[in-house]
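Report on the following structure.
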Amino acid sequence: MTQVKGKKVYLGTNTKMYKGVADTASYLEELCRLTGDLSREALELFVIPSFTALESARRCAPRELVRLGGQNMGWAGEGPYTGEISPKMLLEVGADIAELGHSERRHVLGETDEMVNRKVLCAAEYGLTALLCIGETAEEKARGLADEVLRTQLKAGLYGLGAGGAERLWVAYEPVWAIGEHGVPATKEYAEARHDTIRRTLTELYGEQAGQAVPLLYGGSVNPDNAVGLIRMENIDGLFIGRSAWDARKFNAIIRDVLAAADG
Ligand code: PGA
């Protein structure tokens, strides 16, 4: 089935450990200039730069055009957590999205579902949008465990999150095997099937209406050739893009293609 016409689409990027202050600023200035004519009623555009670039990023990109987020967040407002960034610090520099549980945090830096859960609850407490990233590894996929892994990551990651917190929740499905230079993008059919599992799990947890309202984004080697097919799927509300969005012109082209597809 195809997506409801005129539905809002969520398009964003995480620049990982690549762009510093100057590169982030010039990227955002160009992105705002290129997309300034697009109505934000049908588009939620967001960029998640490095922590050090956030403050100047906010000055370059008006909030009405681009929302900003942190690539990670500590699980308390303040405390003895050397090296962590708190929700209050993110809010202070104008970021209101916390990307939590990205595959690289889980699989390279050792974050567990329990740690991700604490962060999700803390983001909710401080009124940030939690962008919870989940996804199975290649091995789990090969063993037919993808849906079980997604259900577990959701139920463990959202444990204790009430209806109020769920109102500001976004979920990104990012299969580990699809991410990065050696990743193979999921087909739109495979992604939609996993999104359907995620949707059902969210409606189990939060009821039909609240579960349907959570934006579900697909990420993992999204590119100019597969973006439109993915966004047309019923349960794919947005795309969370890495490499293909790090050039503002290339991202702008994807944004325009996706908006045209979502609209008709
Ligand atoms: P990619 O990254 O689009 O470069 O595969 C996606 C991500 O890590 O979110």
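Derivation of every value follows stated rules applied to the coordinates shown; laboratory data play no part. Please read all numbers here as calculations on a predicted model, not as lab measurements. So basically every Cβ, Gly included, is an ideal-geometry build from the backbone, and we count neighbours across all protein chains shown.
Couple of notes before you dig in:
Yes or no, residue by residue, for (1) aromatic (Phe, Trp, Tyr); (2) in contact with a Pro (Cβ under 8 Å, 6 or more places away or on another chain); (3) surrounded by fewer than 21 Cβ atoms within 10 Å (Cβ to Cβ); (4) closer than 19 Å to Asn252 by Cβ:
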residue	(1), (2), (3), (4)
Asp23	no, no, yes, yes
Arg40	no, no, yes, yes
Phe51	yes, no, yes, no
Ala57	no, yes, no, yes
Gly70	no, no, no, no
Ile85	no, no, yes, no
Lys88	no, no, yes, no
Glu92	no, no, yes, no
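- The set of residues from segment 95-124 being away from the ligand (no atom under 16 Å from the Cβ), free of Cβ contacts under 8 Å to residues at least 40 places away in the same chain and not polar (S, T, N, Q) comprises Asp96, Gly110.
- Total residues in segment 219-244 satisfying the condition of being in contact with a Leu (Cβ under 8 Å, 6 or more places away or on another chain) and either within 10 Å of the ligand (Cβ to nearest atom) or farther than 17 Å from Ala186 by Cβ (or both): the figure is 5.
- Candidates Leu65, Leu34: the one that is in contact with a helix residue (DSSP H, G or I) (Cβ under 8 Å, 6 or more places away or on another chain), in a loop (DSSP other than H, G, I, E, B), among the hydrophobic types (A, V, I, L, M, F, W, C) and surrounded by fewer than 20 Cβ atoms within 10 Å (Cβ to Cβ) is Leu65.
- Count of segment 97-112 residues, restricted to those that are of a type in the set (D, E, K, R), in a loop (DSSP other than H, G, I, E, B) and surrounded by 24 or more Cβ atoms within 10 Å (Cβ to Cβ), is 0.
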